[in-house]
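Just below is one structure, and these are the notes that go with it.
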Amino acid sequence: SHEAIVQLINATTTRTGLEVSCTIDANTYPKGIKVSDRTMKQLNIQPHDFHGEWNYTIRPRQIDSAKCSG
């Protein structure tokens with residue numbers, strides 16, 4: 001059940017003290033929203049070695065310091 005999954009996620013602990021929380025989002029969202037190739041290329045996605053198509057980290061984008069200087 002969804003509740004069992006939420007309870008399992010909420011029970012997650014790590015040796016380093018990571019705290020995990022989870023709730024069910026009962027909202028409805030539109031289907032079929034497309035993300036453009038341009039938008040996807042702007043994401044800083046770092047695939048993991050094991051099944052990088054499923055397992056990845058999204059990191060903050062690098063800021064171009066030349067554009068930020070006044």
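The values are calculated or read from the model by the stated rules, or taken from the named source; none is laboratory data. All values reported here derive from a predicted model rather than from experimental measurement. As a convention, Cβ positions derive from the backbone with ideal geometry for all residues, glycine included, and neighbour counts pool all protein chains shown. Remember, those area values only see protein heavy atoms, side chains included, never the ligands or the DNA or RNA. Shrake-Rupley method; radii C 1.70, N 1.55, O 1.52, S 1.80 Å.
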Inset, instruction - Determine, yes or no, whether Ile45 is among the aliphatic types (A, V, I, L, M), surrounded by 10 or more Cβ atoms within 10 Å (Cβ to Cβ) and in a helix (DSSP H, G or I). - result: no
Inset, instruction - Inspect the range 23-30 for any residue being at pLDDT 90 or above and touching a helix residue (DSSP H, G or I) at 6+ places or on another chain (Cβ under 8 Å) and give the result as yes or no. - result: yes
Legend entry - Of residues in the range 1-24 being without any contact (Cβ under 8 Å) to a residue 12 or more places away in the chain and open to solvent by less than 90 Å² (accessible area, probe 1.4 Å), the one nearest to Arg61 (Cα to Cα): Val20
Legend entry - Subset of the range 25-41 that is part of a helix (DSSP H, G or I) and open to solvent by 80 Å² or more (accessible area, probe 1.4 Å) - its residue that is nearest to Ile5 (Cα to Cα): Met40
